[in-house]
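Structure first, then comments.
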Amino acid sequence: SGQLLSLTGQSLPMWSFALSPGVAVPLAIDGGGDISPKDSAAESILVSKLVSALPDDSASLPFRGLPVVVRDVWRVVLQDKTRLVVAIAMRSINVESNPRAQVVTIIAEPDPSSVGAWKMDYVHQNAGPEDRVEGTDLLAAVLLHGAQPMLAFVREGDRVAQLDLIERTASGAWRRRWSSDALTCVR
């Protein structure tokens, strides 16, 4: 059993992530405000292209061809100097009677087989009614036991939240290592 608590005194909820001492070493996260405007624009264009190129499934098909809005972009550099782009993007169908939204979370890194190309190592898509689709935020980037890169995300729904721990495998791909049950969100 667990509970996520927001830190009070701010207009937007701020989430914290804590592990027992010695379990992990934090990795620096550069957010949109920490990146130069030129680099931020280039990364937003990259994210838009990557999300637009995702194969369609039944949930994403209605959003095909719609503009991609990049909500958040973060850069994380791993211990082996691999530069990650972690992003949250959205597409919306603004129909008054049934507004719908799709939230896409990606982890991408340079493709070593092609200069200048990027590959998406992790994708999580969530679509549904605009007022019920979960929001996602990056909480932390750590080296688990000093060696295993891991990202922590919080997914917020209507008065509940879930924590996802996504780890990088030996092959360089990312996979969900653990996902919490829906946790009560106290504000």
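If I go through segment 112-126 residue by residue, how many of them are open to solvent by 40 Å² or more (accessible area, probe 1.4 Å) and either touching a residue at least 60 places away in the same chain (Cβ under 8 Å) or of a type in the set (D, E) (or both)?
The number of residues fulfilling the criteria is 4.
Can you name the residue in segment 88-111 that is over 22 Å from the mean Cα position of the chain (by Cα) and not small (G, A, S) and is also most open to solvent (accessible area, probe 1.4 Å) among such residues?
In this case the residue turns out to be E96.
Name the pairs: first residue in segment 43-71 and open to solvent by 70 Å² or more (accessible area, probe 1.4 Å), second residue at pLDDT below 90 and assigned to a loop (DSSP other than H, G, I, E, B), Cβ to Cβ under 6 Å, at least 6 apart or on different chains?
R64/D56
Quick check on my filter: what residues within segment 72-87 are assigned to a loop (DSSP other than H, G, I, E, B) and either out of contact with any strand residue (DSSP E or B) (no Cβ under 6 Å at 6 or more places or on another chain) or open to solvent by 10 Å² or more (accessible area, probe 1.4 Å) (or both)? Quick ask: steps written out before the conclusion?
Of segment 72-87, the ones assigned to a loop (DSSP other than H, G, I, E, B) are 78-82.
Within segment 72-87, Q79, D80, K81, T82 meet the criteria.
Quick one: how many residues across segment 20-42 are free of Cβ contacts under 8 Å to residues at least 40 places away in the same chain, of a type in the set (G, A, S) and open to solvent by 60 Å² or more (accessible area, probe 1.4 Å)?
Final tally of qualifying residues: 3.
The values are calculated or read from the model by the stated rules, or taken from the named source; none is laboratory data. Just so we're clear, the structure is a prediction, and the values are computed from it rather than from any experiment. Note: ideal-geometry Cβ built from the backbone for every residue, glycine included; neighbour counts use all protein chains shown. Note: areas computed on protein heavy atoms with side chains; ligands, DNA, RNA excluded. Shrake-Rupley method; radii C 1.70, N 1.55, O 1.52, S 1.80 Å.
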